[in-house]
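A.B. asks: This structure is in structure tokens; I'll ask about it shortly.
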Amino acid sequence: MMVCWPYFDPEFDNLPERIYGPPCRVCIDNDSMEECTVIKVDSVNKQGILLEVVQVLTNINLTILKSYISSDAGWFMDVFHVTDEHGEKIRDQNVINYILQAIGTVREIENTVKAMAYRNDVFNNSDQLSEHTAIEMKGTDRPGLFSEISAALADLHCNIVEAHAWSHNARLACVAYISDQSTDTPIDDPHRLATIEGHLTTVLRATTTPTQSESEIASPQEVKTAEFGEGTNMTDVERRLHQLMLSAGDFHRPEFEAMTPPPSSRSDGDEEGRKMVVSIENCHEKWYSIVSIECKDRPRLMFDTVCTLTDMQYVIFHASISSRDGRSLQEYFIRHVDGYALSSDSEKEKVIKCLEAAIERRVCEGVRLELSAENRVGLLSDITRVLRENGLSVVRADVKTQGEKAVNAFYLKDILGNEVDTDVVESVKKEMDDVIDFEVKNDGGGSSSQQGGCLSSSPPQRSPGFFSLG
């Protein structure tokens, strides 16, 4: 008996590359434009590739001034006009090499760790931790909650190596990286991890009240732990925080804001009081939904909007982003992953609310407190306890360990959501006599209804309102 098998040309898998070229081509042009660097990316298309490219650029604090995106016919073509954190062209060859390496490997999952290790080598990034246990938390926020979380981890003999927390619309999302207090190694005992999850869940559930709204009940308090080994990609923390806030339902406005204007008519912090406007209309001829966004421009704005659309399972086919007079204009042509445009008013309304929430999370308000001290176990718990005892509430936290130093940055308001009095800051300073460096910056100026939590995308600009204590 003769058995015949179908013949497959061994070169068939390489056919797209032979027709279109390599899976991803990156061109960095410093000659075409006088004031910015032009980055061109051509790649075989896939869901989420735009977000991956934008994430690479924002992770090294590049400002995207303008962008044009097209991804029809299975091919992704994008042009970015960018500057560095100082508003200059990209001249550093190490940065250029990293962009070429990182974007060039977004198509190859097996090379992701290699690309991020390359970033570590170039930028000496302390964010990359060799080993740790990650904890994700989300739930209803309340004054002093971050302090309670820090104290709970200290009581459980956990050393907080790094932590990031966002607060918005009475919701909290937190990602913390911890190790065992005595051995400084990851915590992998299932029973101990279950104890940590249970204790933190109890802390979060203490927020629940009899008058809790249906939207709050629909977003349960949640704590998850996971161990990550060496080489873990740490650059997606912000995207994970976006996902946690989205799943926690922070696009629902708290009941105490029910009497204020709807989100689309609120000021987004522009000096002239101009509003953030998000609208959606359908292009029936091409079966697209067109999402239009106008708001105050700021770093990482494109990342926030692209991240939200991607995580809500929408595909961006075309886009145009520009900045003019401190205002950002964004236009996205999208479809759901099932191939259809947004079909109902309720779906459009949810997308609008989620985009508004993603933009507002970045509005850094209140007093920015920067603390640098010799690192020790329980330091974060002690600092946040002092803040809580002085009537201060953390609306954003960015905690890192750099060698023997602990570098903490907090955005603070009082427990009623008002600006912090300087006398209170003086009182806090007196109680923190072990803090080496203590700096305060007043970042007020936005709407008090927009409590946003974000990680700084660039070093703070020192304004007349900036002063140093100690």
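The values are calculated or read from the model by the stated rules, or taken from the named source; none is laboratory data. Model, not experiment: these values are computed from the prediction. FYI the Cβ positions are ideal-geometry reconstructions off the backbone, even for glycines, and counts take in every protein chain you see. The protein model used for the area step is the full one, side chains on, heavy atoms only, and it has no ligands, DNA or RNA in it. Shrake-Rupley method; radii C 1.70, N 1.55, O 1.52, S 1.80 Å.
A.B. asks: Take R396 and tell me if it is touching a Ser or Thr at 6+ places or on another chain (Cβ under 7 Å) and among the charged types (D, E, K, R). Before you say what the answer is, go through the steps one by one.
C.D. replies: Numbers: touching a Ser or Thr at 6+ places or on another chain (Cβ under 7 Å): yes; among the charged types (D, E, K, R): yes.
So R396 passes the test.
A.B. asks: What is the residue count in the stretch 1-50 for residues that are at pLDDT 90 or above, assigned to a loop (DSSP other than H, G, I, E, B) and open to solvent by less than 50 Å² (accessible area, probe 1.4 Å)?
C.D. replies: 2
A.B. asks: Within the stretch 285-301, count every residue that is open to solvent by 10 Å² or more (accessible area, probe 1.4 Å), at pLDDT 95 or above and closer than 25 Å to N61 by Cα. If you could, list the steps in order and put the result at the bottom.
C.D. replies: Restricting attention to the stretch 285-301, the residues satisfying the condition of being open to solvent by 10 Å² or more (accessible area, probe 1.4 Å) are 285-288, 290, 292, 294, 296-300.
The next check asks that each one be at pLDDT 95 or above; those that pass are 290, 292, 294.
Filter once more, keeping what is closer than 25 Å to N61 by Cα: 292, 294.
Matching residues across the stretch 285-301 total 2.
A.B. asks: Determine whether I187 is buried (at least 19 other Cβ atoms within 10 Å of the Cβ), over 24 Å from L412 (Cα atoms), at pLDDT below 95 and not small (G, A, S). Outline the logic, then answer.
C.D. replies: Details: buried (at least 19 other Cβ atoms within 10 Å of the Cβ): yes; over 24 Å from L412 (Cα atoms): yes; at pLDDT below 95: yes; not small (G, A, S): yes.
Criteria met by I187.
A.B. asks: Sticking with this structure for a sec: Out of curiosity, is D338 at pLDDT below 95 and outside the structural domain of M77 (by the TED database)?
C.D. replies: Numbers: at pLDDT below 95: yes; outside the structural domain of M77 (by the TED database): yes.
Yes: the conditions hold for D338.
A.B. asks: Another question, if that's okay. Going through L371, L387, L329, L342 one at a time, which residue ends up being open to solvent by less than 10 Å² (accessible area, probe 1.4 Å), assigned to a strand (DSSP E or B) and aliphatic (A, V, I, L, M)?
C.D. replies: Details: L387 fails: assigned to a strand (DSSP E or B); L329 fails: open to solvent by less than 10 Å² (accessible area, probe 1.4 Å); L342 fails: assigned to a strand (DSSP E or B).
One residue alone meets the criteria, L371.
A.B. asks: Scan (1) part of a strand (DSSP E or B); (2) open to solvent by 20 Å² or more (accessible area, probe 1.4 Å); (3) at pLDDT below 85 for the single condition D433 breaks and write down its number.
C.D. replies: Here D433 clears every test but (1).
A.B. asks: Could you list all residues from the stretch 141-184 that are over 20 Å from K224 (Cβ atoms), out of contact with any helix residue (DSSP H, G or I) (no Cβ under 9 Å at 6 or more places or on another chain) and small (G, A, S)?
C.D. replies: Within the stretch 141-184, just S182 meets the criteria.
A.B. asks: Looking at T202, T209, T232 in this structure, which one is modelled with pLDDT under 95, part of a loop (DSSP other than H, G, I, E, B) and either surrounded by fewer than 16 Cβ atoms within 10 Å (Cβ to Cβ) or among the basic types (K, R) (or both)?
C.D. replies: Numbers: T202 fails: part of a loop (DSSP other than H, G, I, E, B); T232 fails: either surrounded by fewer than 16 Cβ atoms within 10 Å (Cβ to Cβ) or among the basic types (K, R) (or both).
Exactly one of T202, T209, T232 is modelled with pLDDT under 95, part of a loop (DSSP other than H, G, I, E, B) and either surrounded by fewer than 16 Cβ atoms within 10 Å (Cβ to Cβ) or among the basic types (K, R) (or both), namely T209.
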